Every structure is written in structure tokens, then in C-alpha cells.
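What follows is a set of notes on a single structure, which appears directly below.
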Amino acid sequence: MTENGEDSPLHQSCEAPGKGDSAVNDSQALKTSLADAKPCKQHNEALKLTARNAEREISPYQPRPPLLPRLSKSSKSVSLEEAARSRRLKNSQESLSDPVETGSSTDSLKEDQTTQGGFAVSIRNEQDSNVRPLSAAATGSPVFRDRGSSLSEYERRPHSQQSDPTENRARSSKVRLSPVQPTGTLPALEKSFAAATLRAANRIDRDCLDYAVLAREKLGERLHRNLSDSRLLENMGSDSASVNSMRSTYSVLSPIRPQDVRNRSFLEGSVLGSGALLGAEELDRHFPDRRVGIYITTWNMQGEKGLPVNLDDLLLPTDSEFAQDFYIIGVQEGCPDRREWETRLQETLGPYYVMLYAASHGVLYLTVFVRRDLIWFCSEVEHATVTTRIISQIKTKGAVGIAFTFFGTSFLFITSHFTSGDAKVYERVLDYNKIVEALALPKGLPDTNPYRSTPSDVTTRFDQVFWFGDFNFRLSKDRTDVETLMNRTAGGDMGPLLEHDQLSKEMKDGSIFKGFQEAPIHFFPTYKFDVGCDIYDTTSKQRTPSYTDRILFRSRQADDIKVVKYTSCSSIKTSDHRPVISVFQVKLRPGRDNIPLGAGQFDRGLYLEGIRRRITRELKRREAMKNQNSTICTIS
């Protein structure tokens, strides 16, 4: 400033860069102005005055950076490239190996907080544009002030011992973060700390945990392999921790590649696995022994409106150790309200099962229930009906069939009611021939083995066939002789009675049920009883006891069907017929992609109504027990 108080041109040139520039820019502008000034006394005095003002403006806490040594032109570019390359390599190795580099974001906030003024912030912004901006931590938040114990060793030094901040120019632009020290003890890890995806993929339904208790009671006895949940629990033993989170390295769900979705035609498919939903891998995962359990029951209800109070003995007998995968129920002369009958079946089987399909032909009802976790492997379901009456509108006699494919095995279930009468054997044979020729199945399902199919016989077009119902074949013997033979039977040997069985004779002659088999019979005739008791017909007709209700089976491959049980249900007495029950283990084979799947469809409305009734029944039972236990006994 001159004596007149006006700014000289030299002083104006010194302040030209702006008041907000750093001390480095001020010094450079000062050198430039000194070089251009004329050697006059006035200019020299102004120059000295301006230099003193510039020195007073520079904070003692912001020293000038040292001048870099001049390098020769030949080695300058090479040395800079080598220094930059070594600096990048060192920084990358430190960031990978140094745990400090992986610290939390609060460490970088503390580093910003300890910086004096805003000088270090400006240097970091010039050298590294990716540095995060200051947050509330740098402004002195009490949360970060209380964590002074986590300061680095450099930050705890006195200011006089700290190095010059401008040395950061020669160092890496990445700030080294100080580690965070925990303020208290860390929480203990849970026993099960598997990933959430594995826990979700391998979670086991708690409803099936009772199988693990059963396995411990049996001392390691092999569980039923058809129960997929129990198969998972079988290998666990006493490892209770693995029940909540299985120690598995794979998911039950197999990945699907977009290339497979693009290129596969799904016309032929593959049975070897590699992503096929019905392939060998999926089959072995759910059925390691490749056998499925099928429960079949047939019952002539005599058209009674009143249903049994409890159907547990019909579908869930106490002598069975495990429930089966499929429940097939065939009814002849069914009750008038078919929907009520199906609801009662759903209520009895409970939430483990869903109704896959139901079909009817007049008073002939056929219902298929399946375990709810197996519906994804069932194809579309088809059905067909045939009447054996001369007048087709009368549907009291005939047959109804249901067909579907499960994995790669095709199934056909037929329930029928043949002509009644002791001597009408020929008419019953005609009924059978008409049904096998007229039952139009399959419709859209592919034939799994077309080379062994016959157009004139529906039973040859499926892998596994089950035919059951009221066939009305009688015992060709007087009632007195039949009762005498029944009294002589010992140990369930019904051979003397079956020697007079019309169906057994016709099957031996090959006139009916060609290729079918029947399990050995060890139960008494199921027809005809007085309703509500175990006494055979006491009416004026005095009908001969007979095996009218039968369950037969046929398979394309020998030994594919194994009979587990074949008996009658003597506890249900609301009809003049006793229900007949049979349990099978059936061989399964892998399927191909050309099988149209049913997409998990089932009767949802029936399912909800059955479960609602089951809950209501349980609540009533508990209320009755509560009232019974709270009754006060008085002594007179």
C-alpha cells in the first residue's frame, strides 16, 4: 500500500488470484510479480511491504511445502512412472492384507475429526476426489468424542511431534484408517449360524419332528423311505442342532440356466437328470428306493344318507405304522351328497393331504388324495366313465377311471359295479369286456410304453393298473355249507371258501381280468351283513356270504407292485358291505419333460373346509374334556 493509501498496481497484481486461494498460490504470484517489477525504490518498498503482509497472512499451522528437487529431463518421466507404479502396488497390497483398510466408516470420520482446520481437507480433495465428505462426526458429535480410546497412536502424539501435513503429497492418496476397538464384550454367536438361504432351503417342517422321536425309540430302526421329511431326519441321529439348520453345502432347488430354457424343446426330455423336474436325480431325492406307497379302499355304501361318525378306521387304521403317499377311495352306491363325502375324507386325512382329483358316474365315486408335497410331480389328471346298463341314462352300474402320470410311471385307477345276482356270471364278464374296450384313456397323456399297448384293452396302456369295486361275484355254494366252512377256518386260511369263488374261477379260465393279480385273502366275506351288526343276512332272501368287494392289480413289469396289506374294515357297519383295504408299494421310474404337469392344482375349497371342520371338532373335544374334568362329585 502506498503512502496515499491507494493500492499500487503491484499490490493489485499480488491479490489478483483471489482471497480464497491457498498460501502456495500467493507465494507463486508473489514471485511472478517480483520478477516483473522495475528496480525502483518505490517498487522495492511496495514489494517488501507486500511480502511482509503475505507472511502475516500465512498461518503458522500451515507451513509452505518444501520445494521438490529438480530432475533431469532424461530421468524425470521414468522416475515418476516407477514411483507411481510402486506406490499403486504398495497401496493395493496394503489394502488387501491390512485389516485396518477394511475398517468401518466411523474410522474415516475420526480421521477427519482430528485434522487441524480445513487444510487437510483441501489437500485430500485435491489429491483424491473419491474421499467421502465430512459428516456430523467431524463437527464434534458427542458420540464420537466419547470414543477417544480408539484414536491411533499418531493422533495421540503432541502437535509438535506430528509430522508436517503437507507430506501427504508425497504419500499415497488413500488415508490409512485406525482400527475400532470394541467398547464392550461381543455377543456370543448362535449355535446355528448358517446362511439364511441355506436355512430356508433346508428347513424341516416342525410337524414332522415326531419322526425323529420315533427313530430314537426304535434305536436306529430304518424309517419309512417314502416320507421325505423323515428321510432328512433319519441321518441326523441325536444331532438336534442340525434340525434347525442342516449342515448342507447345497440347496434342494437346482439352478436353471437361461441356455437350457432357450434351447430345450421339451418334446423328448431327459431321464438322466441335469435339471429335468421328473428326472432320475429328482426321483432319487424324494424316493431313494424308487417306491411309492398307495392306499386303496373300496366300499359299497348302500346309498345310506348317514355317514359314519369317524372315518379314521377306514383311512388310518391303527395297525399301520405309516401313512401312505396316495389315498384312492372308490365308492359304489354312494351317499346322495357327494361333496359331503369328499369333505369328510379331507377332514379325516388332515392338512398333510390334498384332493388331487375326483370323478363320478352316477352313484359311483372315485377320489384321489395325495401328499401335498408331491403334487408337483403329478401330471394332468384325466378321467372317463362307462355305463354297463342298456339304457345309458341309468348310471347305477358301470365304471369310472382316473389316469395320471407320477414321475415317469403312468397309473390307472378304476372302480366299478358289476351286475348283481348269484347266477349272472356271464353278465358280469360282459360288463368287464365293455369297460376295457370303452374306457377312453389316456386322452392327452403320453403313453410311457406304446409298444406294449393294445387299442382294445385300456389296462394295457398304463404301467400300473388298479381295479377295485363291487364285482358281485359270489360263492357257488349253499349258505349252510359256506357257514360250515367259515367255522372250520383256522389261522385266516380262506382257501376252502375261495375254491367256490366265481371270480377266482373265471380268472383262472382267462375270461376276465386278464393279466391281473390279487393278494391272498385272509378275511371273511364282506357281503351281506345286517346293518349295524356282524351278523350275515337274516332277511327272507338269506343271501350267501360272498367276496363281492375286491381289489386287483396289474403291472407291465413283473414285481413292480408289492402288496403290503389286504384286509377288510370290520368296524364300519353302516352298510350291508364291509369296506376292503389294500396297501401297495409301487415301483417308480424317471420321467421326461414331455409329460404335461398339473402345476400343483388341487381342490382348495375342499381343503379349507376340511381343515376348518377338523379344527372345530378338536375344539369341541377339548371343551368336552374340560367340562368333564371340572365336574364336582358330591357324596350324599
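With a 1.4 Å probe rolled over the protein heavy atoms of all chains, the accessible area of 569, 533 falls in the order 533, 569, largest first.
What do you reckon, how do 388, 459, 616 stack up by accessible area (1.4 Å probe), largest on top? Provide the component values of the computation, followed by the final result.
Details: 388 25, 459 0, 616 55 Å².
From most accessible down to least: 616, 388, 459.
So which of 305/541; 424/565; 305/477; 305/528; 305/514 end up more than 27 Å apart by C-alpha? Exceeds cut-off: 424/565; 305/477; 305/514. The Cα atoms of region 396-451 give a gyration tensor whose axes a ≥ b ≥ c have a/c of 1.5 or more with a/b greater than b/c, which makes the shape prolate. Note on exposure: 380, 340 ranked by accessible area (1.4 Å probe, complete protein assembly) read 380, 340, with the most exposed listed first.
What full-extension length gain, to one decimal in nm, is calculated for residue 618 and residue 456 as 0.36 nm per residue of separation minus the Cα-Cα distance? Walk me through the intermediate numbers first.
Details: separation 162, 0.36 × 162 = 58.32 nm, distance 5.06 nm.
Difference between extended and current length: 53.3 nm.
Kindly state, to the nearest 0.05, the FRET efficiency for residue 481 paired with residue 281, given R0 = 56 Å and r defined as their beta-carbon distance. About 0.45, to the nearest 0.05.
Here the 3J(HN,Hα) profile of region 492-504, calculated from phi with Karplus coefficients 6.51, -1.76 and 1.60 at θ = phi - 60°, is x, 7, 9, x, x, 6, 5, 5, 9, 7, 5, 5, 4 Hz, Gly and Pro shown as x. Taking a ≥ b ≥ c as the square roots of the eigenvalues of the Cα gyration tensor of region 497-554, is the shape rounded (a/c under 1.5), prolate (a/b larger than b/c) or oblate? Here region 497-554 falls in the prolate category.
In region 438-492, carbon and sulfur make up what percent of the accessible area (probe 1.4 Å)? Intermediate values should be presented prior to the final figure.
Numbers: 1180 of 2530 Å².
The C+S portion of the solvent-accessible surface of region 438-492 is 47 percent.
With 0.36 nm allotted per residue and the present C-alpha distance subtracted, the residue 322-residue 599 stretch has 97.0 nm of extension available. Among the protein heavy atoms, those of residue 298 account for about 0 Å² of accessible surface (1.4 Å probe, every chain in place). Placing a label point 7 Å from the Cα of residue 420 along the Cα-to-Cβ direction, the residues of region 303-326 with a backbone N closer than 20 Å are 303-308.
With charges only on Cβ, +1 for K and R and -1 for D and E, what is the dipole size of region 445-499 about its Cα centre, in debye, rounded to 20?
Working: 6 positive and 9 negative charges, 9 e Å.
For region 445-499, the charge dipole is close to 40 debye.
Karplus-derived 3J(HN,Hα) values for region 308-316, using 6.51 cos²θ - 1.76 cosθ + 1.60 with θ = phi - 60°, are x, 5, 9, 9, 4, 5, 6, 10, 10 Hz; glycine and proline are entered as x. Based on the alpha-carbon gyration tensor of region 314-460 and its eigenvalue square roots a ≥ b ≥ c, which shape applies: rounded if a/c is under 1.5, prolate if not and a/b is larger than b/c, or oblate? Here region 314-460 falls in the oblate category. Across region 578-595, computed HN-Hα scalar couplings (Karplus, 6.51 cos²θ - 1.76 cosθ + 1.60, θ = phi - 60°) run 9, x, 10, 10, 8, 10, 10, 10, 10, 6, 10, 10, x, x, 10, 6, 7, 7 Hz from first to last residue, x flagging Gly and Pro.
Greater than 28 Å separation of Cα atoms is the criterion. Which listed pairs, 395/587; 573/620; 505/562, meet it? Among 395/587; 573/620; 505/562, the Cα-Cα distance tops 28 Å for 395/587. Listed peptides 489-498, 356-365 appear in the order 356-365, 489-498 once ranked by packing, highest mean of other Cβ atoms within 10 Å at the front.
The values are calculated or read from the model by the stated rules, or taken from the named source; none is laboratory data. Every value quoted in this text rests on a predicted model; they were computed, and no experiment measured them. Every residue, glycine among them, receives a Cβ derived from its backbone with ideal geometry; neighbour counts consider all protein chains shown. Note: accessible area is taken over every heavy atom of the protein model, side chains too, but ligands, DNA and RNA are not part of it. Shrake-Rupley method; radii C 1.70, N 1.55, O 1.52, S 1.80 Å.
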